[in-house]
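Have a look at the structure below before the remarks.
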Amino acid sequence: MARRRELPFAPDRPEDGWHGLWDGESTAIAALMSAPPHVEPRSSQEELLPLRELIVDAIDALPDRHRIAFDACVIERKPMRETAKELGCTKSTVHRLKDEAVLLLRAALTDNPAIKTYLTGGP
């Protein structure tokens, strides 16, 4: 049986603005509220999986040098100077490639219906 959280108001009284999400319903908000701090609930991870796949596909579709610069600077958090050495270019070129990659990703993902639905919270 799921443990019930203590609430600063009584869930049995509608005047407190309570809508019964804690009464055993399996909702995303209930999963989030019952998860320990700094741990994403499994249901939330499963809901975001399609979005993550869309983002990974968009990153993989970037031109090689843009993808390498984006991966190194944004995902791996490598210094631009180190990335510049790996690519055989200047630090400013790595910065430009990373910024262009962000613009390309934004353009690729902006019109995606799944991303729009997630960001707007509705269909």
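The values are calculated or read from the model by the stated rules, or taken from the named source; none is laboratory data. Quick caveat, the model's predicted, so the values are computed rather than measured. Quick reminder, even Gly has a Cβ in these numbers, built from the backbone with ideal geometry, and neighbours come from all protein chains shown.
Give me the helices (runs of 4 or more DSSP H) completely within region 1-92, filtered to those with at least 3 residues that are at pLDDT below 75 and closer than 22 Å to residue 115 by Cα, ordered by residue number.
Per the criteria, 28-34, 42-60.
Consider residue 87 carefully, then state whether it is touching a helix residue (DSSP H, G or I) at 6+ places or on another chain (Cβ under 8 Å), hydrophobic (A, V, I, L, M, F, W, C), surrounded by 15 or more Cβ atoms within 10 Å (Cβ to Cβ) and in contact (Cβ under 8 Å) with a residue 40 or more places away in the chain.
No: the conditions fail for residue 87.
Give the residues of region 76-123 that are basic (Lys, Arg) and in contact with a His (Cβ under 9 Å, 6 or more places away or on another chain), sorted by residue number.
Scanning region 76-123 gives a single hit, 98.
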